[in-house]
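The values are calculated or read from the model by the stated rules, or taken from the named source; none is laboratory data. What you see is a predicted model, and the numbers here were worked out from it, not measured in a lab. When we count neighbours, we look across all protein chains shown, and the Cβ atoms used for this are built from the backbone with ideal geometry, even at glycine. These accessible areas exclude ligands, DNA and RNA; they are computed on the full protein's heavy atoms, side chains included. Shrake-Rupley method; radii C 1.70, N 1.55, O 1.52, S 1.80 Å.
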Amino acid sequence: MKGKFRIALLSDDRKMSEPLILLLESREYCVVLRTDFSRVLGALYSDPPDMIIIDLGAFTPERLKIVSELKTDSYFAIIPMIGFIRPSIEESVAWEQLPLDDYMVLPVQTPELFSRIALSIQRMERIFDHNPLTKLPGNTSIRRAVEKSMGKPRAVCYVDINLFKPYNDIYGFVRGDEVIRMLARIISNAVKESKEGGFSGHIGGDDFVFIVSGKEAEAVSQLVIDRFSMIVVNLFDKEAQARGYYISKDRQGRRQRIPLLGIAIAIVPTSNTAIQHYGEVAARAAELKKEAKASKASCYVIDCRKA
Amino acid sequence: MQNIPLILAAPGMTLAKAVMRPDSESRMPICGAGTALTELLIERLDQMGIASVLVEGHPVLIEGEKTPEAEIKALDHRFRQVCEDPLMIRLKEIYKDRLIRLSEEWHANEA
Amino acid sequence: MQTKREEINRMVQDVKSLPALPGIVVKLRALAESDAASLQIIARLISSDQILSAKVLKLVNSPFYGFPGRVSTVSNALILLGVNVVKALVLSSSIFDLMEENVVGLWEHSLGAGVAANIITKRLALPDGEEISTAALLHDIGKVIIKIKLKEEAERIRLKVDGGEVSIREAEKEVLDVDHAEIGGWLGKTWCLPEKLIEPIACHHDPVRSVTYADRTAVVHLSDILIKASGFGYSGDDLVPRIQEAAWKKLNLSDHVLREIVDEIEDKLIEVKNFSLEIQSSHEGKV
């Protein structure tokens, strides 16, 4: 089903873009040119390409914002992005703060462009630690993010879904995957909307992690819980929605009432200096999770132990 | 008495009914019946999310608005293809009664 | 040879976007620029416009996000897409060049039907009020497609309606061999919208054809008729359609309750009018 590889070229410089499009098309790439930068984000969101080439021109805030906006949305962060920059400004660019995958100096040399495109795609696939289902960062990135927040006024929050297995058994794994994808979006959007921002990752299965500031951890957790319960009713049939539970059989074949899906969140503040290792964060979270799971409804539990 | 979109409210008009806070369950009144509207008050109401107010008299003609008599004529005209259907006749009566009520208020005000 | 129906069906499958009212986009732009704009405020404003609502629902239900056909309300779409994605999407919307009278009329009619559906579902204590009002808001989206994509035919339809005792739906069938309800349903399918939105849209003039979501379709059917009875907005003709008996029975309303519903809708329509005048003046820049 895979069609041509689609490249979105963002540039308002027709002199540069027109011959470039011809060249790329001669290499069997399908190119979509976007010239109106004020509307480019919406266009990319509604019609996502396989790769983005952005003419950064004079590094206007508008264009830099496009780069950072796309790279902070998990679904778009994995689309390779190459920036074109003008000669002589290379040294003045704050590269550490620019989440580009690669850059080229104008005027673009075509053989070099083709090899950079190929390498960017390859690199993205090689360092791809993201979960294929949700496109959120996976375990290597999670570990790095947790370690980075240790000793800081932040909190690591572990999320999982209550009674997910019977749901999968009754409604099928395709539906189960939809629940996982929705939860991933709910978490990453709630984190992004928080004042200080943060990190969202997918450990695997129905286990997620997010990291936000210690002050906001409870509010973000509650938001994730509220939004999940708003969304999740759509994934049940009418009867279950009305009754608030569905019927499943336990291992002995007895009929059981299973409540609609909820989530449990364990919040481990990392300002606690007693926690030294990544493993300890996870261990504390596992204990707290038991507590959270004792309640049938969605809830969060926070680690209050002193150092 | 006329229910008007707030955007058409003007200083000098008088509230015919108290305006309530739209967001609170307790229906707290913001200002009571008989209050004269001022530029400042209208602005405040707008900020609070009030979209319509009930004012005394019939001070404005809302775009396209006709006299109640003309409205009744227009109503008959809209129902012209279904005027044999018993259910639709009943529906039309509901609208007509409403217009007659408005018409009485309108004329009471003229007198 | 391709019939007219097939030709239109194929055309609908290529519809990527539709223009929105400039006034709404201006308002949303102002909102989007302030960081404080909350999810609820943005959701409420988008929910007042059929085109923007459809656009947001199209994106969230697209296969790209991996839950096609599952999301049927704007507020849920915002939760899943994220505020930034929705803001960008709205800002990139194409808009009508001018606020034509008929375009504003159809917008008012659609929003009015959404408001009416909300009031009816509350009175009937039906669950999923927001979903049903979304379906009512979108019920005439087929008319926008005809207006935008079939300009010459749209003009012929208008002449037929103006010329005599023909409803817009009958005129559409004569000219296109298909009506706006069915076209709206086709668009819903193409855009992967949930069936619970598609069915009420496609069957709102003929609710007996609605099988799975008959309740919702009946509500949308009645909402459309009440707004036309009220003379609010303009949906292409000034004829009140007949309430279908099966739908009426399904709703099981007494005349007394219907009277209360009508009163409540009429009061609420004054607020809608306020909003409409605001939108029109924000476009003209007078505010």
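A few points about this structure:
- When restricted to residues that are open to solvent by less than 20 Å² (accessible area, probe 1.4 Å), within 11 Å of chain A (Cβ to nearest Cβ) and within 24 Å of C:LYS143 (Cβ to Cβ), the stretch C:72-108 contains 7.
- Number of residues in the stretch C:55-71 that are more than 8 Å from every other protein chain (Cβ to nearest Cβ), without any contact (Cβ under 8 Å) to a residue 60 or more places away in the chain and over 17 Å from A:TYR75 (Cα atoms) equals 0.
- Checklist (1) within 14 Å of chain A (Cβ to nearest Cβ); (2) of a type outside the set (Phe, Trp, Tyr); (3) open to solvent by less than 60 Å² (accessible area, probe 1.4 Å); (4) farther than 30 Å from A:THR134 by Cβ applied to C:SER48, failing item: (1)
- Residue in the stretch A:106-117 that is charged (D, E, K, R), closer than 23 Å to C:PHE64 by Cα and open to solvent by 30 Å² or more (accessible area, probe 1.4 Å) present: no
- Restricting attention to the stretch C:80-110, the residues that are under 17 Å from the mean Cα position of the chain (by Cα), farther than 19 Å from A:ASP36 by Cβ and not acidic (Asp, Glu) total 8.
- In the stretch B:43-57, residue farthest from the other protein chains (Cβ to nearest Cβ) [restricted to those that are open to solvent by 10 Å² or more (accessible area, probe 1.4 Å) and part of a helix (DSSP H, G or I)]: B:ARG44
- Filter result for C:ILE168 (over 22 Å from C:ARG216 (Cα atoms), within 19 Å of the chain's Cα centre (by Cα) and either surrounded by 19 or more Cβ atoms within 10 Å (Cβ to Cβ) or among the aliphatic types (A, V, I, L, M) (or both)): yes
- Cβ pairs under 7 Å, 6+ apart, first in the stretch B:93-110 and at pLDDT below 85, second open to solvent by 40 Å² or more (accessible area, probe 1.4 Å) and in a helix (DSSP H, G or I): B:SER103/B:GLU69
- Near pairs, Cβ below 6 angstrom, 6+ apart or cross-chain, from the stretch A:277-300 (within 25 Å of A:VAL233 (Cα to Cα)) to any residue that is open to solvent by less than 50 Å² (accessible area, probe 1.4 Å) and modelled with pLDDT under 85: A:CYS299/A:ALA292
- Taking first residues from the stretch C:243-256 that are of a type in the set (S, T, N, Q) and partners that are part of a helix (DSSP H, G or I), the Cβ contacts under 9 Å between residues at least 6 apart in sequence or on separate chains come to C:GLN244/C:PRO207; C:GLN244/C:VAL208; C:GLN244/C:ALA218; C:GLN244/C:HIS221; C:ASN252/C:LEU124.
- Given (1) closer than 15 Å to A:ALA118 by Cα; (2) without any contact (Cβ under 8 Å) to a residue 24 or more places away in the chain; (3) not β-branched (Val, Ile, Thr), index of the condition A:ARG27 fails: (2)
- Filter result (out of contact with any strand residue (DSSP E or B) (no Cβ under 6 Å at 6 or more places or on another chain) and within 30 Å of A:ILE275 (Cβ to Cβ)) within the stretch A:155-182: A:PHE164, A:ILE180
- Single condition C:ILE24 does not satisfy, out of (1) crowded, with 22+ Cβ neighbours inside 10 Å; (2) within 14 Å of chain A (Cβ to nearest Cβ): (2)
- Pair list, Cβ < 9 Å and 6+ apart or interchain, from the stretch C:189-206 residues that are outside the structural domain of C:SER133 (by TED's automatic domain parsing) and more than 16 Å from C:GLN244 (Cα to Cα) to residues that are buried (at least 23 other Cβ atoms within 10 Å of the Cβ) and of a type outside the set (Ser, Thr, Tyr): none
- Members of the stretch A:229-242 found to be surrounded by 20 or more Cβ atoms within 10 Å (Cβ to Cβ), more than 9 Å from every other protein chain (Cβ to nearest Cβ) and under 18 Å from A:ARG185 (Cα atoms), listed by number: A:VAL232
- Screening A:VAL209 against (1) within 17 Å of A:ALA297 (Cβ to Cβ); (2) buried (at least 22 other Cβ atoms within 10 Å of the Cβ) leaves a single unmet condition, (1).
- Residues satisfying the stated conditions in the stretch A:279-307, i.e. in a loop (DSSP other than H, G, I, E, B) and surrounded by fewer than 21 Cβ atoms within 10 Å (Cβ to Cβ): A:SER295, A:LYS296, A:ALA297, A:ASP303, A:CYS304, A:ARG305, A:LYS306, A:ALA307
- Annotation: of all residues in the stretch A:76-97 being modelled with pLDDT under 85 and surrounded by 12 or more Cβ atoms within 10 Å (Cβ to Cβ), the one that is farthest from A:ILE186 (Cα to Cα) is A:ILE89.
- Residue within the stretch A:256-263 that is open to solvent by 10 Å² or more (accessible area, probe 1.4 Å), more than 19 Å from A:SER200 (Cβ to Cβ) and out of contact with any strand residue (DSSP E or B) (no Cβ under 9 Å at 6 or more places or on another chain) present: no
- Residue within the stretch A:167-175 that is free of Cβ contacts under 8 Å to residues at least 60 places away in the same chain, of a type in the set (Lys, Arg) and within 14 Å of chain C (Cβ to nearest Cβ) present: no
- Some residue of the stretch A:187-208 being of a type in the set (Val, Ile, Thr) and either touching a His at 6+ places or on another chain (Cβ under 8 Å) or under 30 Å from A:GLY253 (Cβ atoms) (or both): no
- A single entry from A:PHE128, A:PHE208, A:PHE164 fulfils the requirement of being within 24 Å of A:CYS304 (Cβ to Cβ) and touching a residue at least 40 places away in the same chain (Cβ under 8 Å): A:PHE208.
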